[in-house]
Amino acid sequence: MTKTILYIILPCYNEEEIINQTFEELIGVYNKLWKKELISQESRIVFVDDGSSDETWNKILTLKEKSDTVLAIKLAQNVGHQNAILAGLLTYKDQADCCITIDADLQDDITVIETMVKKYQEGNEIVYGVRNKRVTDTFFKKQTALAFYKLMKIMGVNIIFNHADYRLASGKALNELAKFKEVNLFLRSMFPLLGFKTTEVYYDRLKRIGGNTKFSLKKMLSFSLDGITSFSIVPLRLITFLGLSIFFFSLLFIVYAIYSYLVLNTIKGWASTALPIYFLGGIQLFCVGIIGEYIGKIYKEVKQRPRYIVEKTI
Ligand code: UDP
Ligand code: MG
């Protein structure tokens, strides 16, 4: 078996407290895999500094001086976790046989890197890391995460349950990913669009090795909203259904209004006031929905996502 050139990519934002420990632990895994002849010595650990304002970058530079295994990218400013990951992947996709992305806080169990590499060597182009249980997450985080995945499914977004951004992707998969030109990144749903032979590995989510989370509740909510609006036009379609339902309800209401007028002797002017509100409201929403359908089409067109992906030509 030829040895795999593996690049491990870590987005780092203000991680000065943990960067050294992260490196020590990863280099341990690296040496183990190298001794087992699973990965080649050309494999690298890539730190992507996402515009940190603390000592993160200087610490990365010190690591780089100590070890040839380290590569580093410094982004000009903070552009967020997703963009930082993509920067790492696209910069090095041609040098590596495959890349693994993992958070710098090592909350995702690094012992499964070995399994990921083996799955790649068995012919999988993408290996998704999936969280088994969330023992270290708070009740609130667990429940909101669960609600998030359910909502995404309802909205018709292709998402792998309990998979975040811990994954292995082959150079071939990354070359295809590079053809996706969208700016609103939601990588965990973009990879499933690629197809190819894929598999999952399971692990337990651990505690941060140090420092604090960079994702506030506000950031999480805006990230989920980004996920839905980057992958689904279901919200637009809901407007159409809402409008149609109100419209049909108003038709029933007309029958009731005529009946009340003739039989129940209601106050004068009631039917002629109440009816148009529902009727026009329904029609207006329905029309907004139709416009939404066209906006949905434009939205899909401007993304210019590839229409198909060739796995093999013979
Ligand atoms: N991160 C980043 N840019 C940001 C925010 C976070 O590169 O703007 C990195 C961060 O350094 C970490 C990873 O993304 O390596 C995940 O962040 P964090 O652990 O804070 O998220 P959580 O695990 O709490 O969801
Ligand atoms: Mg984390």
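The values are calculated or read from the model by the stated rules, or taken from the named source; none is laboratory data. Since we're looking at a predicted model, the values are computed, not measured. Quick reminder, even Gly has a Cβ in these numbers, built from the backbone with ideal geometry, and neighbours come from all protein chains shown. Surface areas here come from the heavy atoms of the whole protein model, side chains and all, with no ligands, DNA or RNA. Shrake-Rupley method; radii C 1.70, N 1.55, O 1.52, S 1.80 Å.
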What order, most packed first, do the peptides 261-267, 278-284 have when packing is the mean number of other Cβ atoms within 10 Å of each residue? 278-284, 261-267
If each of residue 21 and residue 209 carries a label point 7 Å out from its Cα toward its Cβ, how far apart are those two points in nm? 0.7
Between the DSSP loop rule and a limit of at most 10 other Cβ atoms within 10 Å, which GluC sites (Glu not before Pro) in the stretch 84-146 are left? 122
Set the Förster distance to 51 Å, then compute FRET efficiency between residue 300 and residue 266 from the Cβ-Cβ distance, nearest 0.05. 0.55
Restraint check, 64/303; 36/66; 141/179; 64/133; 93/207; 66/179, Cα-Cα greater than 32 Å: 64/303; 141/179; 64/133; 66/179
In straight Cα distance, which lysines are under 18 Å from residue 197, not counting same-chain residues fewer than 8 positions off? 118, 119, 172, 312
Specify which residue in the list 184, 173, 127 is farthest towards the positive end of the charge dipole of the stretch 120-214, using unit charges on the beta carbon of Lys, Arg (+1) and Asp, Glu (-1), about the Cα centre. 184
Label point distance in nm, residue 273-residue 144, each placed 7 Å from Cα along Cα→Cβ: 4.5
Compare 118, 300 by solvent-accessible area with a 1.4 Å probe and give them largest first, with all protein chains kept in place. 300, 118
Degrees between helix 217-231 axis and first principal axis of the chain (Cα, 0 to 90, nearest 10): 70
Per 0.36 nm of contour for each residue apart, how much would the distance between residue 40 and residue 76 grow if the chain were fully extended, relative to their Cα-Cα spacing? 9.8 nm
Relative to the chain, whose Cα atoms define the longest principal axis, helix 139-154 and its Cα axis are tilted in degrees, nearest 10, by 60
